[in-house]
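Chemist: Next up is a structure, given as structure tokens.
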Amino acid sequence: MNAADEGTAGQPASGAGRPRALNLPNVISLSRVAITPLLIWLLTYEGRVAAFVATAAFIIACVSDWLDGYLARRSGLITNLGKFLDPLADKVLIISALIMLAAMQRTPRVPGWIVAAIAAREVAVTGLRAIARDEGIVLGAESLGKAKMTFEVVALVALLLHYPIWLIDFHAAGIVFLWIALFLALWSGVAYHLRLARVIAQRG
């Protein structure tokens, strides 16, 4: 994913040339939200077939995340609605997948406390960005946030596959990547809070 929850590159067009809110990139973002209920339903079933189909649905959603950002930048279709929809779709997709994985009865299981910690980080950073926006402060993207998103996606692909394939233990690999994602999530969350505190202190 493009870590849109950590900031979106580019600025919306202004004036007479401002793009329509419901354009192709935003429709693609909405489609990613629409995929989430399908993913949730698939994760109510156990077995290899359901796991493979759920993984395919998640990968399609990840590709759509890259595609909507690419189209928006290439065609100058960046809008305020898109800046809202893109990170919202990412959060809904990733947190829903993590919660369902933690709730599944198949073993080994995804630790629920890791899911709770990542979800809490997302809520905290979302609140932080809302406060910053009210203060007229723009917190741009950071490499930590982008790395966190990358490891979350890789972890989820492996955890969704779950079953060993060609002697590869995808669950074990997914847990390793999830631990790294957790570390980066907490680190980047603290970093964002410190950045906002410094900016507010400088404003005095």
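Chemist: Any residue at all in segment 168-190 that's among the aromatic types (F, W, Y) and either part of a loop (DSSP other than H, G, I, E, B) or in contact with a Gly (Cβ under 9 Å, 6 or more places away or on another chain) (or both)?
Modeler: So far as segment 168-190 goes, no, none of its residues is among the aromatic types (F, W, Y) and either part of a loop (DSSP other than H, G, I, E, B) or in contact with a Gly (Cβ under 9 Å, 6 or more places away or on another chain) (or both).
Chemist: Go through the residues of segment 141-148 one by one and say whether even a single one is modelled with pLDDT of 80 or more, over 30 Å from I165 (Cβ atoms), assigned to a helix (DSSP H, G or I) and not hydroxyl-bearing (S, T, Y).
Modeler: Checked against the condition, which is being modelled with pLDDT of 80 or more, over 30 Å from I165 (Cβ atoms), assigned to a helix (DSSP H, G or I) and not hydroxyl-bearing (S, T, Y), segment 141-148 yields at least one hit.
Chemist: Would you mind stating whether A54 is within 18 Å of the chain's Cα centre (by Cα) and within 21 Å of H162 (Cα to Cα)?
Modeler: It is true that A54 is within 18 Å of the chain's Cα centre (by Cα) and within 21 Å of H162 (Cα to Cα).
Chemist: Could you list, in sequence order, the residues of segment 178-204 that are over 17 Å from A119 (Cβ atoms) and either among the charged types (D, E, K, R) or surrounded by 20 or more Cβ atoms within 10 Å (Cβ to Cβ) (or both)?
Modeler: R195, R198, R203
Chemist: Let me ask something else about it. Which one of the conditions (1) within 24 Å of M104 (Cα to Cα); (2) of a type in the set (S, T, Y); (3) touching a helix residue (DSSP H, G or I) at 6+ places or on another chain (Cβ under 7 Å) does Y45 fail to meet, given that it meets all the rest?
Modeler: (3)
Chemist: Shifting gears a bit: Return the only residue of V125, V115 being without any contact (Cβ under 8 Å) to a residue 24 or more places away in the chain, touching a helix residue (DSSP H, G or I) at 6+ places or on another chain (Cβ under 7 Å) and buried (at least 20 other Cβ atoms within 10 Å of the Cβ).
Modeler: V115
Chemist: Continuing with this model, one more query. Cβ contacts < 6 Å: first residue among the polar types (S, T, N, Q), restricted to segment 186-198; second residue part of a helix (DSSP H, G or I), any location; separation 6+ or different chain. Result?
Modeler: Short answer, once both residue conditions are applied: S188/L144; S188/G145; S188/K148.
Chemist: Could you give me the residue pairs with C-beta distances under 6 Å whose first residue belongs to segment 153-164 and is without any contact (Cβ under 8 Å) to a residue 40 or more places away in the chain, whose second residue is surrounded by fewer than 24 Cβ atoms within 10 Å (Cβ to Cβ) wherever it lies, and which are 6+ apart or on separate chains?
Modeler: Correct list of pairs: V154/F177; A155/G174; A155/F177; A158/F170; A158/A173; A158/G174.
Chemist: Please go through segment 159-173 and give me each residue that is surrounded by fewer than 22 Cβ atoms within 10 Å (Cβ to Cβ) and either within 16 Å of the chain's Cα centre (by Cα) or of a type outside the set (A, V, I, L, M, F, W, C) (or both), ordered by number.
Modeler: Y163, P164, D169, H171
The values are calculated or read from the model by the stated rules, or taken from the named source; none is laboratory data. Since we're looking at a predicted model, the values are computed, not measured. With ideal geometry, Cβ positions are generated from the backbone for all residues, glycine too; neighbour counts draw on all protein chains shown.
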